[in-house]
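**Student:** Below: one structure in C-alpha cells.
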Amino acid sequence: MVPGMLLCGGEGVVGGWWRRGRVVAVMLAIDAAFAVMNIMIKKTLDAGTDRLAIITLRQLVAAVVLAPIAYFRERKMRPKLTKSICLHLFFSAALGAALTQYLFLVGLQYTSATFACAFANILPVLTFLMALLFRLETLNLKHAAGISKAVGSLVCVAGALVLSLYKGAALLAAGANNGGAGGASYSSRQRAMATCTLFAACLCYASWFLVQSKVGQKYPAIYSGAALTFLISFLQAAALSLGLQRGLSVWLLKSKLAIATVLYSGVVGSGVGFLAMSWCVEQRGPLFAAAFTPLTQILVAVIDTSLFHTQLYLGSVLGSALVIAGLYFLLWGKNKDGDQTQMHKCEAKSKDCNEEENKQQQQQQQQQTV
C-alpha cells in the first residue's frame, strides 16, 4: 500500500513539474523562433527584398494557416460580424499588423537586428503608460507595487534614451566578415531614423493592445479574430504596396532566403507563434509571457555577433540592460498589484459570505423565538 502511495505521489510531483516546465519550454521555443525570424528578415532586407512585399505575403500565409484552425475550433461559438466588429478588426489589423510591422522593418533595415529587438523591449512599459493615460491602469505611489511600476517606467525610458543617443566604443574585435554587410557600422543619421521608426512601431503596437481589448469583448472567438485580422492586414498592405510601387517585380521573391523568410515568418512567427503564445498566456498569464521578452534580444545578439560578426557597441549593451531592468521592475509591480487585487476580492467575498451567514443565523433565531 505504501509503495503505491509513493508511486502516486511521485507521479503527482512529476506531473506538476511537467505542467510547469512545459510552459517554460514553449516560451523558450517561441523566443528562439522569433530570434531566428528577425535575423532572417534582416538578411532578406539587406539582400534587397521589398519591405511591403515581405509584410503582405507574410500576412497572407498567416491567414491561410489560421483560417482552418479557426473554422473547425470555433464554428459553434463564432459571433456574427457586425459593422462595429468589422471596424474594430480593421483598426486592429492596421495598428497591430500592417503599420507595426512596416515601421519595425524600416527600423530594422536602418540598423542591426540586435538594436531593433533591444528597442522593442520598451513595448510593455509604453503600453502601461498609455493605459495609465487612458485610466485603464492605476498608479498608487503609497504602495511598493506603485513605486516599482513608476521606477520601472523611468528606468526603461532612460534605457531607450541611451540606446538612441549613445553609441559608445565597439566591444568586439573586428571579425573576418566585418567589412561586409554582416559587420556594417551604422551612421548617427541611420541610428536616429531607426529610433524614430522603432518608437513609432512600439507606439502603434501599444495602441493595438487598447483596441484589441475592445475586440476581445465584442468578438471573443480569438482564433477567428486573429485569422480575420491577418486577412485584413494582408489587404491593407497589398493596397499600400500597389499604391506606392509600380510594377509587379517587387512581388517576385527572387531568392530562396526570401521565400523561406516569408513562409517561416507567416507560419511560425504569426500563425504557430500566435497559437503558442495564446496557450502560454492562458496557462500562466500575460506577465509570465512578457517576462520572456528580453530573451529574444539576447538570442539575436548571440546569433548576430557569432555567426554574422555584427559589431556590438557599449551604448547598445548599457541601454539594453536599463530597458530590461525597467521591464522587470514594472512586471514585479504589476504582479504585486494583481496579488493585492486578488486578496481584496477574496476578503470582500469572505466578508459577504460571513454577512450572509450571520443573516441566516439571525433569521433562524427569530423563527425559533416565534
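Rule-based calculations on the coordinates, nothing more; no lab input. Everything quoted here is computed from the prediction, not taken from an experiment. We place every Cβ from the backbone using ideal geometry, glycine too, and count neighbours over all the protein chains shown.
**Student:** What does the charge count near Thr261 come to, summing +1 for each Lys or Arg and -1 for each Asp or Glu among other residues with Cβ under 11 Å from its Cβ?
**Tutor:** Values: positive: Lys42, Lys43, Arg58, Lys256; negative: none.
Neighbourhood net charge equals +4.
**Student:** Can I ask one more? Using just the Cα positions, wrap segment 226-332 in a convex hull and report its mean projected area in square nanometres, one decimal place.
**Tutor:** On the way: hull surface 39.4 nm².
Here the figure is 9.9 nm², rounded to one decimal.
**Student:** Is the C-alpha gyration tensor of segment 37-178 telling us rounded, prolate or oblate? Criteria: a/c under 1.5 is rounded; beyond that, a/b larger than b/c is prolate, otherwise oblate. Please report the intermediate quantities before stating the final value.
**Tutor:** Details: a/c = 2.66, a/b = 1.13, b/c = 2.35.
It comes out oblate by the Cα gyration axes.
**Student:** Rounded to the nearest 0.05, what FRET efficiency do Ile298 and Phe72 give with R0 = 35 Å and r taken as the Cβ-Cβ distance? Could you check?
**Tutor:** Working: r = 37 Å, r/R0 = 1.06.
The formula returns an efficiency of 0.40 here.
**Student:** For segment 121-274, what mean projected area does the convex hull of the alpha carbons give, in nm²? All intermediate terms of the calculation are to be shown ahead of the outcome.
**Tutor:** Working: hull surface 56.4 nm².
Computed as one quarter of the Cα hull surface, the answer is 14.1 nm².
**Student:** Is segment 218-257 best put as rounded, prolate or oblate by its Cα gyration tensor, with a ≥ b ≥ c the root eigenvalues, rounded for a/c under 1.5, and otherwise prolate when a/b is larger than b/c, oblate when not? Mind showing how you got there, number by number?
**Tutor:** Working: a/c = 6.35, a/b = 2.01, b/c = 3.16.
Oblate.
**Student:** Additional query: Looking at the square roots a ≥ b ≥ c of the eigenvalues of the Cα gyration tensor of segment 274-324, which shape do they give, rounded for a/c under 1.5, prolate if a/b is larger than b/c, or oblate? The partial results should precede the final answer.
**Tutor:** Working: a/c = 5.34, a/b = 1.94, b/c = 2.74.
Since a/c reaches 1.5 but b/c is at least a/b, the shape of segment 274-324 is classed as oblate.
**Student:** Among Lys218/Lys336; Lys80/Lys256; Lys42/Lys167, which pairs are too far apart, with a Cα-Cα distance over 32 Å?
**Tutor:** Working: Lys218/Lys336 29 Å; Lys80/Lys256 41 Å; Lys42/Lys167 20 Å.
Violating the 32 Å Cα-Cα cut-off are Lys80/Lys256.
**Student:** Which values of log₁₀ I(q)/I(0), to two decimal places, follow from the Debye formula for segment 205-281 at q = 0.13, 0.23, 0.26 Å⁻¹ with a uniform point scatterer at every Cα?
**Tutor:** Cα-only, vacuum Debye calculation for segment 205-281: -0.56, -1.21, -1.30.
**Student:** A further question follows. Which order do the peptides 250-258, 66-74, 27-35 come out in when sorted by mean C-beta neighbours inside 10 angstrom, highest first?
**Tutor:** Details: 250-258: 14.6, 66-74: 16.3, 27-35: 18.9.
Most protected by this proxy first, the peptides run 27-35, 66-74, 250-258.
**Student:** Next up: Between Leu248 and Lys336, what is the spin-label point distance in nm, taking each point 7 Å from the Cα along the Cα→C-beta axis?
**Tutor:** Rounded to a tenth, the inter-label distance reads 6.1 nm.
**Student:** Taking the Cα-to-Cβ direction at Arg284 and at Val24 and moving 7 Å from each Cα, how far apart do the two end points lie in nm?
**Tutor:** Calculated label separation equals 0.8 nm.
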